[in-house]
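Please read the structure below before turning to the comments.
Please treat every number below as a calculation from the coordinates, not as lab data. Please read all numbers here as calculations on a predicted model, not as lab measurements. Counting neighbours? That spans all protein chains shown, and the Cβs are built from the backbone with ideal geometry, glycine included.
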Amino acid sequence: MSMLTNRYDECLEALSPERAVFEATFRHTESDGSTWIYHLALMGVDGGGLDESHSLDASHASYSRRVKEPGWEELEPMFMLTPTHLGEAMQRWGEIGAADPA
């Protein structure tokens with residue numbers, strides 16, 4: 001996580017081509033000390049995903065391959081509650097990768 005935190009500005013630049021509306025990562029530590037990391041990302045349907053030709057995305061993908069549990073799942077969004085103006089802005093970003101059409 002420190003790599004992404006330290007390279008925050010690069011991460012922001014990657015959001016548009018990925019059509020990533022937002023990404024958030026959560027850590028949960030069990031009482032036995034085991035740690036689970038959950039990553040939530042809302043992406044537009046035409047998002048490019050990670051582009052491993054870029055250093056940041058290559059590092060991110062490499063880390064993901066090392067730490068993800070075998071058989072990890074992608075969940076299908078079923079419901080999201082958000083004020084209309086935010087929902088519209090998120091949909092626009094997911095479609096074109098920008099807040100407003102150029």
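From the C-alpha gyration tensor of the range 2-96, pull out the three semi-axes of the equivalent ellipsoid (sqrt of 5λ each), sorted largest to smallest, in whole Å. Could you put the intermediate results ahead of the total?
Numbers: eigenvalues 116, 73, 33 Å².
After scaling each eigenvalue by five and taking roots: 24, 19, 13 Å.
Charges at C-beta only: +1 for Lys and Arg, -1 for Asp and Glu. How large is the resulting dipole of the range 2-96 about its Cα centre, in Debye rounded to 20?
On the way: 7 positive and 17 negative charges, 37 e Å.
Dipole of the range 2-96, to the nearest 20 debye: 180 debye.
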